[in-house]
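Chemist: Before we start, here is the structure in question, set down as structure tokens.
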Amino acid sequence: MDSAPESRTALPPWQALQRQAEAIESVHMRELFDSDPGRFARFSLALDDLLLDYSKNRITDEIREQLLELARQCELPTWIERMFRGEMINHTEQRAVLHTALRDPESDPILIEGEDVLSQVRAVLAQMRELSDAVRSRQWRGYTGQPITDVVNIGVGGSDLGPVMACEALRPYAIHDLRMHFVSNVDENHILDTLESIKPETTLFIIVSKSFTTQDTLVNAKTARKWFRRVAGDESTIERHFIAVSDNVPAAVEFGIPESNIFRMWDWVGGRYSMWSAVGLSIAISVGMDHFEAMLQGACDMDRHFRSAPLEQNMPVILGLLGIWYNNFLGAQTYAVLPYDQHLKYLPDYLRQMDMESNGKSVDRRGNPITDYETGPVLFGQLGITGQHAFYQLMHQGTKLIPADIIAPITSLHCIRDHHRTLMSNVFAQTEAFMRGKTDTEARADMQAQGLDEAEIERLLPYRLFPGNKPTNTLLFRTLDPRTLGRLIALYEHKVFVQGVIWNINSFDQWGVELGKQLAAKILPELEDSNSIDSHDASTNGLINYYKGLRPDK
Ligand code: G6Q
């Protein structure tokens, strides 16, 4: 299946980029802007109102061309088609990768093992509409006849982070007499804190687990069921209060969820790519199915752009290749996502999983260890305004190169003039400061203006210099509506895919996550009694025995 050349580093564009990386070391982005007034126009792209300005990067036309040539030689266009057509590109799990089918249910049929994927998608969307409409219109009643006031999503990782992020992002579209809660941590404080504020008779629990075997989720779900039963008593009341979303229907039924309350998902949707499926049920309930479908439409806009735009005008491709440039040629280890929209506060957490779980791999598609190039970076981030007063210091004056994406809306729902203009002044100031830095002459002039004497200026000067030359992409859009959110998330999904193709890895498995699940399942029975354990290494034995010795219920 993989006919691309085995060694990425032997490819001519890879080698050309290595030479260009050496050459660009001595070039400051200030010079690139000074010598080229058309730089913004040539290094920016738009999809409707979504603008990507990537001119503040340490690149030239030649570098961009070599990056695009690298993509061609890694057969990126073929891989894009393979994904959209439903080929088994997740080869280590023998699965297709079809989150894109979730947002284009009216496209040409896609068959997996003879079954039409899209008709299944349409059926689940209809089921989601029915339930979300019923809950929102107060027709869905709890066992005492009262409407639902609280929805609790119980799930973890891919079954949690998307709904958490999207419900917050679309908060202005939510109805206010319906409160959304998310429980992911098996630490009992998470569920206990949540249960404290809700009533069984007006609560709907959604248990989200693709596998329906994840311990953390099952333990939380059992606690919720026990708490509910203690008050509601009768088993038949469960049906008005517990919903499941899963690919493992028998396990959900065994847990006690009636089959009519189970929403299917499928093995061809990865957990971290699943908020477009019934995993997003809490989003649909919160903002309504029309808005949920607008979000799907936004993602579909980006899918079509990704599939059809030439590589040089293709937003996910450009974003992905810029990441490759810093990660593989300029030595960056990290990468920051800095949203300036309060409602995108969980976006960095969401993208951290998407990026690091997808591309945190060191074996290529042929099973060979990757020894001669880096794969996925460490992604971090926070709301930009918070970050400015915290970790931006390191980005401006530390020793590390941290490329960043700055994301901001042109207007917000309320758009109070003073607030929004102050916000945007920070967006523009930061991208400019990262790029330009502050020179010796500028720093001196600043201090002279402050009235410092020459000796003081000389003493302080080294600390007041900013090297600049720090790369940023800026993404601007009209407002954070459901369609824009869909576009934004799909942009990053495809960006991660582009990078996985260049690195020749499978971005869609997650054996590292599976390992944690297996190890915990093995240790859990060892914690049952108070016997001393010696089946592990000395440290793990020591920790388990220390815990057993001190826990109150020994
Ligand atoms: C996502 C990962 C992981 C997964 C959780 C929950 O891509 O595989 O985050 O979503 O471990 O798994 P379940 O949905 O099966 O409970």
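The values are calculated or read from the model by the stated rules, or taken from the named source; none is laboratory data. Being a predicted model, the structure only gives us computed values, none of them experimental. Please note: Cβ atoms are built from the backbone with ideal geometry, for glycine as well, and neighbour counts cover all protein chains shown.
Chemist: Could you identify the single residue in Ile257, Ile243, Ile238 that is assigned to a helix (DSSP H, G or I) and of a type in the set (A, V, I, L, M)?
Modeler: Exactly one of Ile257, Ile243, Ile238 is assigned to a helix (DSSP H, G or I) and of a type in the set (A, V, I, L, M), namely Ile238.
Chemist: Something else: Kindly check whether there is at least one residue in the range 477-490 that is within 23 Å of Arg103 (Cβ to Cβ), part of a strand (DSSP E or B) and away from the ligand (no atom under 16 Å from the Cβ).
Modeler: yes
Chemist: Within the range 99-141, work out how many residues are surrounded by 17 or more Cβ atoms within 10 Å (Cβ to Cβ), part of a loop (DSSP other than H, G, I, E, B) and either more than 28 Å from the chain's Cα centre (by Cα) or not β-branched (Val, Ile, Thr) (or both).
Modeler: Residues in the range 99-141 being surrounded by 17 or more Cβ atoms within 10 Å (Cβ to Cβ), part of a loop (DSSP other than H, G, I, E, B) and either more than 28 Å from the chain's Cα centre (by Cα) or not β-branched (Val, Ile, Thr) (or both): 3 in total.
Chemist: Touching a residue at least 60 places away in the same chain (Cβ under 8 Å) and either in a loop (DSSP other than H, G, I, E, B) or of a type in the set (Ser, Thr, Tyr) (or both): does that describe Thr223?
Modeler: No, not satisfied.
Chemist: Restricting to the range 434-445, what's the tally of residues that are assigned to a helix (DSSP H, G or I) and not hydrophobic (A, V, I, L, M, F, W, C)?
Modeler: 5
Chemist: Also: Can you tell me which residues in the range 403-433 are farther than 29 Å from Val378 by Cβ and assigned to a helix (DSSP H, G or I)?
Modeler: Arg417, Asp418, His419, His420, Arg421, Thr422, Ser425
Chemist: I'd like the full set of residues that are in contact with a helix residue (DSSP H, G or I) (Cβ under 9 Å, 6 or more places away or on another chain) and either closer than 20 Å to His396 by Cα or of a type in the set (Lys, Arg) (or both), limited to the range 444-461.
Modeler: The answer is Arg444, Asp446, Met447, Leu460, Leu461.
Chemist: I've got another one for you. Is it true that some residue in the range 369-384 is modelled with pLDDT of 95 or more, within 16 Å of the ligand (Cβ to nearest atom) and either at positive phi or crowded, with 19+ Cβ neighbours inside 10 Å (or both)?
Modeler: Among the residues of the range 369-384, at least one is modelled with pLDDT of 95 or more, within 16 Å of the ligand (Cβ to nearest atom) and either at positive phi or crowded, with 19+ Cβ neighbours inside 10 Å (or both), which makes the answer yes.
Chemist: A further question on this structure: Taking the range 154-190 as the search range and keeping residues that are surrounded by fewer than 23 Cβ atoms within 10 Å (Cβ to Cβ) and of a type in the set (Asp, Glu), which one is farthest from the ligand (Cβ to nearest atom)?
Modeler: Asp177
Chemist: Residues in the range 73-104 that are without any contact (Cβ under 8 Å) to a residue 12 or more places away in the chain and on the phi > 0 side of the Ramachandran plot: how many?
Modeler: 1
Chemist: Based on what the data block shows, is Gly320 in contact with a helix residue (DSSP H, G or I) (Cβ under 7 Å, 6 or more places away or on another chain) and either small (Gly, Ala, Ser) or not in a helix (DSSP H, G or I) (or both)?
Modeler: It is true that Gly320 is in contact with a helix residue (DSSP H, G or I) (Cβ under 7 Å, 6 or more places away or on another chain) and either small (Gly, Ala, Ser) or not in a helix (DSSP H, G or I) (or both).
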